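Participant: Just passing along the structure, written as structure tokens.
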Amino acid sequence: MVDPTEATAVALGYVAVATTTKNPKHAVGAECANCALFAGKPGDAAGPCPLYPGKQVAAAGWCTAYQKKA
């Protein structure tokens, strides 16, 4: 799992639970599970993300690179 204190995670404002972010870019309902970059399967608690090679992000997480799935 991505450690929210890692340099990349800090730079992208990653949080393991989207509702805990104070970042003004966060929109209600936006989380890793519905991000275009999230490579996990629907219903997975965590999955890979190309922004954090070799690690998984929490499906309930969020970062500023969020891109809503089409």
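The values are calculated or read from the model by the stated rules, or taken from the named source; none is laboratory data. Because the structure is predicted, anything quoted here is derived from the model rather than measured. Every residue, glycine as well, gets a Cβ built from its backbone with ideal geometry; the counts of neighbours run over all protein chains shown. Ligands, DNA and RNA are excluded from the accessible area calculation, which covers all protein heavy atoms including side chains. Shrake-Rupley method; radii C 1.70, N 1.55, O 1.52, S 1.80 Å.
Participant: So, Ala46, is that one over 19 Å from Ala70 (Cα atoms) and surrounded by 13 or more Cβ atoms within 10 Å (Cβ to Cβ) or not?
Facilitator: Numbers: over 19 Å from Ala70 (Cα atoms): yes; surrounded by 13 or more Cβ atoms within 10 Å (Cβ to Cβ): yes.
Here the answer is yes, as Ala46 does meet what is asked.
Participant: Could I ask something else about it? Can you tell me how many residues within segment 44-65 are of a type outside the set (Ser, Thr, Tyr), within 16 Å of Glu6 (Cα to Cα) and part of a loop (DSSP other than H, G, I, E, B)?
Facilitator: 9
Participant: Within segment 28-43, which residues are surrounded by 17 or more Cβ atoms within 10 Å (Cβ to Cβ) and part of a loop (DSSP other than H, G, I, E, B)?
Facilitator: Step one: filter segment 28-43 for residues surrounded by 17 or more Cβ atoms within 10 Å (Cβ to Cβ), giving 30-33, 35, 37-38, 40.
Across segment 28-43, the qualifying residues are Ala30, Glu31, Leu37, Phe38, Gly40.
Participant: Determine, yes or no, whether Val2 is in contact (Cβ under 8 Å) with a residue 24 or more places away in the chain, among the aliphatic types (A, V, I, L, M), open to solvent by less than 40 Å² (accessible area, probe 1.4 Å) and part of a strand (DSSP E or B).
Facilitator: Working: in contact (Cβ under 8 Å) with a residue 24 or more places away in the chain: yes; among the aliphatic types (A, V, I, L, M): yes; open to solvent by less than 40 Å² (accessible area, probe 1.4 Å): yes; part of a strand (DSSP E or B): no.
The answer is no for Val2.
Participant: Here is a further query. Search segment 12-27 for residues being closer than 18 Å to Phe38 by Cα and not in a loop (DSSP other than H, G, I, E, B), and hand back the single one that is most open to solvent (accessible area, probe 1.4 Å).
Facilitator: Once the filter is applied, the top-ranked residue is Thr19.
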